[in-house]
Amino acid sequence: MENGTMHRKTLVLGTGNKHKAVEIAPLLNDGSLRLDVRAAGTYGEFDPVEDGETLEENAIIKARAAMALSNEWSIADDTGLFVDALNGRPGIYAARYAGIGCSFADNVRKMLGELECFPPDRRTATFTCVIALCRPGFDPVTFRGDCRGRITLRPSGEGGFGYDPIFEVDGLGKTFAHMTVEEKNTISHRAIAVKKCGAALAALLVGAK
């Protein structure tokens, strides 16, 4: 540390999802951390096999792959959507709920179809995000964030991605797709997990000096 400030630290983001990168980078670079956030793809091909059975396992797989590719501190997230009426499905398989290679719209259509007979009060769900932090020579550390809500009867809103148009946050009366990135970054499952990770990074960076 020099003059009470931290040196800029490279942090590699282990994702191929540009939407996630847009949400995560501002949360980490909020002024309290001096981070140079880079996508894993800038170091070479990044396509790890996500064959874990939990969000934690898959997040660690991606963070470790990013660390191996870059030899830098790396983070990655894995996110699941757990719908109560569907006994927790799609869970960790949210991104490929409608099948391998499916689109966001395919997943939304399948979910709305499966919930067609359920009234609003039976459409409760939890979005969960787990962030894994990997550093060369250290064991991985994970951080979890949850956001409760319900699946709407139809898509609503123009923003966001994935299930955002059909996930209405408890107490707000609107979907993620109705929110700006800044607004979503104050309450989302991913925001909660990333902020926990950011607090840990701040402590680790100070301790490393």
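The values are calculated or read from the model by the stated rules, or taken from the named source; none is laboratory data. These numbers come from a predicted model, not from an experiment. Virtual Cβ from ideal backbone geometry, glycine too; neighbours counted across all protein chains shown.
Descriptive notes on the structure:
- Per this entry, residue 53 is counted among residues that are modelled with pLDDT of 75 or more, over 17 Å from residue 194 (Cα atoms), of a type in the set (Asp, Glu) and surrounded by fewer than 18 Cβ atoms within 10 Å (Cβ to Cβ).
- In region 124-172, the residues that are among the aliphatic types (A, V, I, L, M), surrounded by fewer than 15 Cβ atoms within 10 Å (Cβ to Cβ) and assigned to a strand (DSSP E or B): none
- Any pair with Cβ under 9 angstrom, 6 or more apart, that starts in region 105-123 at a residue that is without any contact (Cβ under 8 Å) to a residue 40 or more places away in the chain and outside any loop (DSSP other than H, G, I, E, B) and ends at one that is surrounded by fewer than 16 Cβ atoms within 10 Å (Cβ to Cβ) and not charged (D, E, K, R): 106/99; 110/99; 110/102; 120/153
- Residue that is farthest from residue 36 (Cα to Cα), among those in region 68-100 that are part of a helix (DSSP H, G or I) and in contact with a Gly (Cβ under 8 Å, 6 or more places away or on another chain): 94
- Candidate set: region 1-37, residues that are polar (S, T, N, Q) and at pLDDT 70 or above; chosen: the one nearest to residue 47 (Cα to Cα): 15
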